[in-house]
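The values are calculated or read from the model by the stated rules, or taken from the named source; none is laboratory data. As the structure is a computational prediction, the values presented were derived from the model and not from experiment. Ideal geometry is used to build each Cβ from the backbone, glycine not excepted, and the neighbour counts take in all protein chains shown.
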Amino acid sequence: MITYNLTNDDRRRLIEAAQQVRSKAYVPYSHYQVGAALLTPSGKIFTGCNVENSSYGATICAERTAVVKAVSEGEQDFVAGVIITENGGSPCGICRQVMFEFAPDMTIILVEGSGKILYEGVLHEMLLLGFGPDKLRK
């Protein structure tokens with residue numbers, strides 16, 4: 001488990017990054033823009049937006065976009081994440097599971113479009129009894 005004291009500056013940087021990337025979302029079907037920003041222990045931020053597809057199953061959420069970007073660049077540890085939507089919606093189950101794979105103890109912050117924080121808590125509390133790598137036999 002990574003111990004990290006999230007600062008107000010960290011929160012501000014994450015919210016700004018998520019707000020900025022949210023505007024790039026490709027959402028011709030739901031019109032529901034989502035931006036996500038993940039913070040690594042070194043202070044690096046990875047962002048993602050949702051990208052919809054007419055074959056709905058091919059759609060990828062903002063949270064998974066950010067995780068995949070980070071992993072593709074060699075980062076697998078996260079201490080915090082911001083998800084921003086117009087109404088402060090929470091991550092879907094698949095996104096919670098993907099983030100849990102790498103950082104079940106990271107702080108999750110849900111933000112509405114105006115920048116107001118609606119929720120701040122630990123990911124493993126959002127995915128109770130989550131299934132992670134530690135559950136698999138070595």
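For D9, the conditions (1) more than 15 Å from I108 (Cα to Cα); (2) among the acidic types (D, E); (3) part of a loop (DSSP other than H, G, I, E, B) all hold with the exception of (3). Of the candidates Y119, Y56, the single residue that is hydroxyl-bearing (S, T, Y), more than 11 Å from the chain's Cα centre (by Cα) and more than 22 Å from L6 (Cα to Cα) is Y56.
Here V51 fulfils each of the conditions (1) surrounded by fewer than 20 Cβ atoms within 10 Å (Cβ to Cβ); (2) more than 14 Å from C95 (Cβ to Cβ); (3) touching a residue at least 12 places away in the same chain (Cβ under 8 Å); (4) not small (G, A, S) apart from (2). For the range 20-33, indicate whether the set of residues that are of a type in the set (F, W, Y) and within 12 Å of the chain's Cα centre (by Cα) is non-empty. No; the residues of the range 20-33 include none that is of a type in the set (F, W, Y) and within 12 Å of the chain's Cα centre (by Cα). The lone criterion from (1) at pLDDT below 95; (2) closer than 20 Å to F46 by Cβ left unmet by Y56 is number (2). Just one of the listed residues (P104, P91) is in contact with a strand residue (DSSP E or B) (Cβ under 6 Å, 6 or more places away or on another chain) and either within 16 Å of G48 (Cβ to Cβ) or crowded, with 17+ Cβ neighbours inside 10 Å (or both), namely P91. Applying the criterion of at least 1 residues that are closer than 16 Å to R12 by Cα and aromatic (F, W, Y) to the strands (runs of 3 or more DSSP E) found wholly in the range 24-138 leaves 45-49, 117-122.
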